[in-house]
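Inspection log for the structure reproduced underneath, given as structure tokens.
The values are calculated or read from the model by the stated rules, or taken from the named source; none is laboratory data. Quick caveat: nothing in here was measured; it's all calculated off a predicted structure. Neighbour counts are summed over all protein chains in view; Cβ atoms, including those assigned to glycine, are modelled from backbone coordinates with ideal geometry. Heavy atoms of the whole protein, side chains included, go into the accessibility calculation; ligands, DNA and RNA do not. Shrake-Rupley method; radii C 1.70, N 1.55, O 1.52, S 1.80 Å.
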Amino acid sequence: MVRKGFFLLLLLLSCSFPQQDYSQIKVLEVIDGDTVKLSNGKLLRYIGLDTPEVRIKSKGGFRYDPQPFALEAKEYNRRLVEGKSVKIEFDVDRYDRYGRLLGYCFVDDKFVNAELIEKGYAVIYTYPPNVKYTDLFVKLQAEAREKQRGLWASYVLIDASDAHLYVNQIRRVRGRVLSTYESNKCIFLNFGRDYKSDFTVVIFKNSLDTFRNRNIDPTNFYRGKIVEVSGRIKEYNGPEIIVNSPYEIEVNDDYQ
């Protein structure tokens, strides 16, 4: 009886506090190119993209250290949304592990996520299961690269052997996958002989469905091939880029 009353109380409480309406909500502040603060105090992280960081995480917290093209991306985002009412559309997962809202942002007739990619202020960053607009984002990024817009004009394609020079930066890295390795959690594409110091691409197994949907087995498909990988270079047993979909890896065997 007590248990039944407890669940009834929870039901009543949920009805008393209706879910926040995100069809029209104001953006108070732009944090960086892909994150804003809303009028309800919540942070919104745009789905499907990544922009250069304004602040870099360090042992003492965060330090102000704008990466190449970070301030340009933040300013463009600010011009699009700061002080304006926006509409937020959600996908499967509504929050990330930091408690930030994850959404697609619309202001007036503009799709902000798409606009940032199309103008070259961001690179695609897919994270299943939030993949609703992935096909559109892939198309827009290809156009931005071809027309050398934004960061694609200023970022030089780097060799895998030089990836360690660009930790914490979004870059496009080219190299040959010399070997692959599958652990319980990840698949590793190794670009050097020593996985503890050489560049590596990491694919977590919760992202494998996006590869399987294109009939790609990363362990075998990429081995021995020259590829170009876009994403943020991180440091963990050497430089690495975490990849969540085949859209972030381009086979380029024509390059010698």
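Of note:
- Yes/no for LEU116 being open to solvent by 50 Å² or more (accessible area, probe 1.4 Å), at pLDDT 95 or above and not in a strand (DSSP E or B): no
- Checking each residue in the range 109-122 for being under 24 Å from LEU71 (Cβ atoms) and free of Cβ contacts under 8 Å to residues at least 40 places away in the same chain picks out LYS110, PHE111, ALA114, GLU115, GLU118, GLY120.
- Test: residue in the range 155-165 that is open to solvent by 40 Å² or more (accessible area, probe 1.4 Å), assigned to a loop (DSSP other than H, G, I, E, B) and without any contact (Cβ under 8 Å) to a residue 24 or more places away in the chain: yes
- Among the residues of the range 130-147, those that are assigned to a helix (DSSP H, G or I) and among the charged types (D, E, K, R) comprise ASP135, LYS139, GLU143, ARG145, GLU146.
- Residue in the range 127-145 that is of a type in the set (D, E, K, R) and buried (at least 17 other Cβ atoms within 10 Å of the Cβ) present: yes
- Residue in the range 95-105 that is in contact (Cβ under 8 Å) with a residue 24 or more places away in the chain and under 24 Å from ARG145 (Cα atoms) present: yes
- The residues of the range 152-181 that are among the hydrophobic types (A, V, I, L, M, F, W, C) and touching a helix residue (DSSP H, G or I) at 6+ places or on another chain (Cβ under 8 Å), listed by number, are TRP152, ILE158, ILE170, VAL173.
- Residue check, LEU102 of a type outside the set (D, E, K, R), modelled with pLDDT of 95 or more, open to solvent by 80 Å² or more (accessible area, probe 1.4 Å) and not in a helix (DSSP H, G or I): no
- If the condition is being touching a residue at least 24 places away in the same chain (Cβ under 8 Å), open to solvent by 10 Å² or more (accessible area, probe 1.4 Å) and out of contact with any Pro (no Cβ under 6 Å at 6 or more places or on another chain), then the range 69-87 contributes GLU72, LYS74, TYR76, ARG78, LEU80, GLU82, GLY83, LYS84, SER85, LYS87.
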